[in-house]
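The values are calculated or read from the model by the stated rules, or taken from the named source; none is laboratory data. Just so it is clear, the structure is predicted and the values come from calculations on it, not from any experiment. Cβ atoms come from the backbone with ideal geometry, glycine included; neighbour counts cover every protein chain shown.
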Amino acid sequence: MFRRARAAAFALGLFAAAAAAFASPEQVKLRLPLKAKLPLRGNERIALAPFILVTDAEKARDKRLQNVDLQGEFHRFLKKQLEKKTKFEVVEAPPDVKLPTQNLTELARASEFWAAVGAQTNSEIVVSGSLEFKVEDRSGYKTEEYTSPIDGRTYYRQVYVEQTGFLFDIVFLVLDGRTGEKLLQDEFKDFRQTSSRKADELQGLFENLFSLENQILNTFVARDREAERYIFKD
Amino acid sequence: MNRSRTWVLTFLLVAGSCTSYNHPETAATQLKFGTDVAKKGLWREAAFRYEQAIAKAPDNAHAHNNLAVALEANGDFARALTEYKKALELAPNDNYIRRNYARFAEFYTSYTKTTGKAASVP
């Protein structure tokens with residue numbers, strides 16, 4: 001009888017050990033703070049200057065890009081987001097402000113020009129940079145696995161897949177409006193793919209922009225982001 | 001006689017496991033309670049519970065991992081790093097702790113890069 005009790009206790013112990021070994025942890029979500037990349041007070045006056053449009057050369061070839069006013073749409077988006085989610089005063093640089101160069105490195109070094117823009121708009125911060133937006137027709141034949149219902153064997157076959165890709169690449173130049181010196185240069189990139197051939201380019205553009213929104217705003221103000229971690233119960 | 005002894009033994013086993021659940025001072029109970037409150041978003045209380053668990057069982061890798069997560073949620077990243085390292089030291093092959101540490105390291109490196117608060121994660 002004693003032997004049976006010992007066997008029962010041993011089985012119970014084994015069960016407890018196995019349960020502990022297979023106890024899976026719990027997944028929890030945290031919100032982690034992202035400090036602003038620039039140490040600003042938060043109520044500065046920011047001037048939005050023109051951006052270099054990298055897609056200009058391709059516009060002539062791609063009819064779909066001709067319909068998109070990239071400069072205007074991006075300015076509108078940035079101004080709206082900054083006004084809605086920060087306490088900065090946002091102004092547009094006057095239309096007669098023309099960039100002194102189309103080279104980004106030279107543009108970042110044009111401190112006299114930026115100081116003049118800062119004085120003209122009475123802004124402490126000036127934002128410029130470059131914008132690249134590409135619409136890519138990615139339709140074509142792709143290889144996929146196919147299991148025949150007749151003989152059950154796996155074959156490879158070519159299928160025609162219609163896809164459009166939207167690529168948005170933004171280089172941000174943040175400049176001191178008083179000295180014209182570069183405060184920060186940062187790049188944000190996003191690629192989206194839709195499963196249709198003639199997806200709307202403006203819709204694609206805004207999908208790119210909304211996915212970059214948090215990163216763009218994080219240049220100026222603190223944001224947070226969601227993270228997942230595992231915690232154990234035993 | 002033997003049969004009654006078996007019943008007594010079984011009763012003691014079951015009773016023992018039940019009573020340990022009610023003892024707030026054991027590491028296991030603190031850990032479980034900490035995780036319950038963490039799931040409700042009460043991270044300060046969770047951190048306190050995990051600290052209590054570590055005080056009872058300093059070599060419990062799970063408790064160090066949980067404390068690291070709670071500290072991270074409370075914004076105490078430097079201490080979270082120390083706790084993650086301790087958890088990994090105690091359980092170097094635990095995939096969940098390794099995954100947590102990798103994700104934390106990615107975040108903490110970019111966080112320190114933008115704030116310059118501490119040296120980057122090695």
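In region B:51-76, what residues are free of Cβ contacts under 8 Å to residues at least 24 places away in the same chain and at the interface with chain A (Cβ under 9 Å from one of its Cβ atoms)? Of everything in region B:51-76, just one residue is free of Cβ contacts under 8 Å to residues at least 24 places away in the same chain and at the interface with chain A (Cβ under 9 Å from one of its Cβ atoms), namely B:GLY75.
There is at least one residue in region B:72-81 that is surrounded by 15 or more Cβ atoms within 10 Å (Cβ to Cβ) and in contact with a strand residue (DSSP E or B) (Cβ under 8 Å, 6 or more places away or on another chain).
Of all the listed residues (B:THR82, B:THR112), the sole one being of a type in the set (Ser, Thr, Tyr) and at pLDDT below 95 is B:THR112.
If I go through region B:52-71 residue by residue, how many of them are closer than 17 Å to B:THR35 by Cα and surrounded by fewer than 18 Cβ atoms within 10 Å (Cβ to Cβ)? Number satisfying all stated conditions: 3. For region A:131-169, the set of residues classified as polar (S, T, N, Q) and buried (at least 19 other Cβ atoms within 10 Å of the Cβ) consists of A:THR164 only. Only one of the listed residues (B:THR6, B:THR10) is part of a helix (DSSP H, G or I), at pLDDT 65 or above and at the interface with another protein chain (Cβ under 10 Å from one of its Cβ atoms). That residue is B:THR6.
Taking the listed residues A:LYS134, A:LYS98, the one that is out of contact with any strand residue (DSSP E or B) (no Cβ under 6 Å at 6 or more places or on another chain) and basic (Lys, Arg) is A:LYS98, with no other qualifying. Does any residue of region A:140-153 turn out to be assigned to a helix (DSSP H, G or I) and modelled with pLDDT under 80? No: zero hits. Out of region B:80-97, which residues are more than 10 Å from chain A (Cβ to nearest Cβ), assigned to a helix (DSSP H, G or I) and over 17 Å from B:TYR50 (Cα atoms)? Within region B:80-97, just B:GLU89 meets the criteria. Going through (1) modelled with pLDDT under 90; (2) surrounded by 15 or more Cβ atoms within 10 Å (Cβ to Cβ) one by one, A:PHE113 falls short only on (1).
Yes or no, residue by residue, for (1) more than 14 Å from every other protein chain (Cβ to nearest Cβ); (2) of a type in the set (Phe, Trp, Tyr):
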{"position": "A:ASP151", "(1), (2)": "yes, no"}
{"position": "A:VAL171", "(1), (2)": "yes, no"}
{"position": "A:VAL174", "(1), (2)": "no, no"}
{"position": "A:THR194", "(1), (2)": "yes, no"}
{"position": "A:PHE210", "(1), (2)": "yes, yes"}
{"position": "A:GLU213", "(1), (2)": "yes, no"}
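Each row is one residue, and each column tells you yes or no for (1) part of a loop (DSSP other than H, G, I, E, B); (2) over 28 Å from A:ASP169 (Cβ atoms); (3) at pLDDT below 95.
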{"site": "A:ALA21", "(1), (2), (3)": "no, yes, yes"}
{"site": "A:LEU40", "(1), (2), (3)": "yes, no, yes"}
{"site": "A:ALA57", "(1), (2), (3)": "no, no, yes"}
{"site": "A:PHE74", "(1), (2), (3)": "no, no, yes"}
{"site": "A:LYS87", "(1), (2), (3)": "yes, yes, yes"}
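Contact map, region A:141-154: first residue farther than 24 Å from A:SER195 by Cα, second residue surrounded by fewer than 10 Cβ atoms within 10 Å (Cβ to Cβ) and not hydroxyl-bearing (Ser, Thr, Tyr), Cβ cut-off under 7 Å, separation 6 or more or different chains; pairs are A:THR154/A:GLU145.
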